[in-house]
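Student: Below is one structure. I have some questions about it.
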Amino acid sequence: MRSALGVMLASAVSLVVLVAVWFWTYSPRAVLAAPDTVSARLAERLTPTAKSTRTLADEVEVTATIAARPSTVASSAALPSAALPSAALPSPALPAAPLQPKAGCANADALGVSRVVEIDTTGGPGFGFEHFKQLDFLTDKEVVLTFDDGPWPGNTPAVLKALADECTKAVFFPIGKHATYHPEILRQVAAAGHAVGAHTWSHANLNGKKMTEQQAKDEVEKGFSAVKLALGAAPSPFFRFPQLQHGPAAVAYLGSRNVAIFSCDLDSFDFRAKDAAQIVNTVMTKLDKQGKGIILMHDFQKHTAEALPTLLGRLKAGGYKVVQMRAKASLQTLAEYDEGLVKDMKLPTVSARALSNVVQTVAQ
Ligand SMILES: [Zn+2]
């Protein structure tokens, strides 16, 4: 009897194992997971092959998912560079965790993030086909959302809310002056997990006739230092030229600083749109024609903030997927500009002595 019972038990266990194997192999879950696997394989395909020149794979790596690293994704800009040692980052050779873009997202139908790419900014790679055609890392139907000219009350928080409602991520290029006016808003941008680069100190045209190389350098560095001061942490080494106007000297300088340059594939021209609908139409018309791209918008603009919920909905309905770009390491700002900025802003000194101890009326 005992041996018969043993055989029955063994058979039952075998059956459970067989069903489990079938379930993992052929069940609808496995089918649903297929796009994730495809996304993860891209990392292997992008493994560097050429040693002599920098290739796409040198600059762009598909990395871990937001599901796997929720807090660190949120802070490539919000953490000091020392907190993101490159050795600790996942290697493309390791099996990538499956993408679960909507994990932790209250909106089950959210646009989400389909892929996270990590950018090695060594040598100052350029992105955006409008000017830089070397690094074509987006596949069909993939977009990158970028926002310039903030932070700004009302509009930037509205943009952040629209992005959060869709559990998706963007790259922000704030103006240094604006960052000093509204540091608390810029901190919200970083805290939400978006990459924060810079867009000069005062939005000067760095390719203008009267712009000297030194002035251009000052605009770049002071802009980054202002972002650092606002965030209380190092910015991403991502830069966009005002009006997309770049000269060879400034491009070379950014290269020497290992700062990636962002142009765009698709300009929303939101700053001159008469209303939100026009922005949605412009972006979707261009996107349907081009099929993919880095989209340039402005969180500074009211119509953009108004348009974003609709635009993100249209992207989702159109089958577009958002790729999150983040920097492999953050930018080391230059101490002289950090210090100069603090002096310019006349920030309080370290002295905490009471007024009556410092200033005494001795004759009246
Ligand atoms: Zn701008």
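Student: So, K302, is that one out of contact with any Lys or Arg (no Cβ under 8 Å at 6 or more places or on another chain), within 26 Å of H131 (Cα to Cα) and of a type in the set (D, E, K, R) or not?
Tutor: No, not satisfied.
Student: Related question: Looking only at segment 229-254, how many residues end up being within 15 Å of the ligand (Cβ to nearest atom), crowded, with 24+ Cβ neighbours inside 10 Å and either farther than 20 Å from E130 by Cβ or touching a residue at least 60 places away in the same chain (Cβ under 8 Å) (or both)?
Tutor: Adding up the residues that qualify gives 3.
Student: Of the residues that make up segment 128-140, is at least one crowded, with 18+ Cβ neighbours inside 10 Å, within 21 Å of M345 (Cα to Cα) and either at pLDDT below 95 or within 13 Å of the ligand (Cβ to nearest atom) (or both)?
Tutor: no
Student: On the basis of being under 19 Å from the mean Cα position of the chain (by Cα) and either free of Cβ contacts under 8 Å to residues at least 60 places away in the same chain or more than 20 Å from A195 (Cα to Cα) (or both), does Y320 make the cut?
Tutor: Details: under 19 Å from the mean Cα position of the chain (by Cα): yes; either free of Cβ contacts under 8 Å to residues at least 60 places away in the same chain or more than 20 Å from A195 (Cα to Cα) (or both): yes.
So Y320 fits the description; yes.
Student: Those residues that are within 16 Å of the ligand (Cβ to nearest atom), buried (at least 24 other Cβ atoms within 10 Å of the Cβ) and not in a helix (DSSP H, G or I), I need them from segment 148-169; list them, please.
Tutor: Of everything in segment 148-169, those that are within 16 Å of the ligand (Cβ to nearest atom), buried (at least 24 other Cβ atoms within 10 Å of the Cβ) and not in a helix (DSSP H, G or I) turn out to be D148, G150, P151.
Student: Only one residue in I279, I261, I185 is within 15 Å of the chain's Cα centre (by Cα) and away from the ligand (no atom under 13 Å from the Cβ). Which one?
Tutor: On the way: I279 fails: within 15 Å of the chain's Cα centre (by Cα); I185 fails: within 15 Å of the chain's Cα centre (by Cα).
Within the list I279, I261, I185, the selection yields I261.
Student: Still on this structure, I have one more. Within segment 221-228, is there a residue that is at pLDDT 95 or above, closer than 21 Å to V342 by Cβ and within 13 Å of the ligand (Cβ to nearest atom)?
Tutor: Yes, some residue in segment 221-228 is at pLDDT 95 or above, closer than 21 Å to V342 by Cβ and within 13 Å of the ligand (Cβ to nearest atom).
Student: If I ask for residues that are within 13 Å of the ligand (Cβ to nearest atom), more than 17 Å from Q134 (Cα to Cα) and not hydroxyl-bearing (S, T, Y), which ones from segment 264-276 would you list?
Tutor: D267, F269, D270, F271, R272
Student: If I filter segment 170-183 down to residues being assigned to a loop (DSSP other than H, G, I, E, B) and touching a Phe, Trp or Tyr at 6+ places or on another chain (Cβ under 8 Å), which single residue comes out as nearest to V196 (Cα to Cα)?
Tutor: This residue is A170.
The values are calculated or read from the model by the stated rules, or taken from the named source; none is laboratory data. Predicted model, so just to flag it, every value in this text is computed and none were measured. Cβ coordinates were reconstructed from backbone atoms using ideal geometry, including for glycine residues, and neighbour counts include every protein chain displayed.
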